[in-house]
Amino acid sequence: MDEPAAIKPAKQPNSPGASDTHTDTDAHTDTHTDVDRALNALSDPTRRQILHLLAEGRPLSASALAGKLPVTRQAVAQHLAMLQQSNLVTSRRSGREVLFSIEPEALTLTASWMTSLAETWSKRLELLKRIAEAPEMD
């Protein structure tokens, strides 16, 4: 398997060098940008707790989530905004409430990247082990 490339930030749409054409390189960068966003969002323990609660099944409102967490509803709303920007959750209106659900695609993409990275390191460690255990040649 190929070695995972370093994750680099994507060019902003209005930045110098950005173009309107979409290439395979852009898609590769988009993938890494998605992974960056997901890892950034997952770095916060409260956001991980929110994802855990949403993973239990049914969609929940910010108020319902706040009732299960040691933070205010406003803090939960801010965390949910970050999770939405990272494509880890989606929202839909149901009457007067906004309900949030987990969006597994970004998690799957991030897990796939991490698996690829782990496989690369496993191969490197196996090679190092073979070199270290090889008989010395005089």
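Worth pointing out:
- Selected residue (only one of T108, T115 is within 21 Å of A38 (Cα to Cα), more than 11 Å from the chain's Cα centre (by Cα) and among the β-branched types (V, I, T)): T115
- When P45, P59, P13 are checked against the criterion of being loosely packed, with under 13 Cβ neighbours inside 10 Å, at pLDDT 95 or above and either more than 30 Å from K123 (Cβ to Cβ) or in contact with a strand residue (DSSP E or B) (Cβ under 7 Å, 6 or more places away or on another chain) (or both), a single residue qualifies: P45.
- As for the stretch 83-94, it holds at least one residue that is assigned to a helix (DSSP H, G or I), free of Cβ contacts under 8 Å to residues at least 60 places away in the same chain and crowded, with 17+ Cβ neighbours inside 10 Å.
- Checked against the criterion of being over 11 Å from the mean Cα position of the chain (by Cα), among the small types (G, A, S) and part of a helix (DSSP H, G or I), the stretch 67-79 has at least one qualifying residue.
- Members of the stretch 109-138 found to be loosely packed, with under 10 Cβ neighbours inside 10 Å, aliphatic (A, V, I, L, M) and either in a loop (DSSP other than H, G, I, E, B) or in contact with a helix residue (DSSP H, G or I) (Cβ under 9 Å, 6 or more places away or on another chain) (or both), listed by number: A134, M137
- Taking every residue in the stretch 46-63 that is closer than 13 Å to L83 by Cα and pairing it with any residue that is in a helix (DSSP H, G or I) and among the basic types (K, R), at least 6 positions away or on another chain, the pairs with Cβ-Cβ distances below 9 Å are A62/R73.
- Restricting attention to the stretch 95-108, the residues that are part of a loop (DSSP other than H, G, I, E, B) and of a type in the set (S, T, N, Q) add up to 0.
The values are calculated or read from the model by the stated rules, or taken from the named source; none is laboratory data. What you see is a predicted model, and the numbers here were worked out from it, not measured in a lab. Quick reminder, even Gly has a Cβ in these numbers, built from the backbone with ideal geometry, and neighbours come from all protein chains shown.
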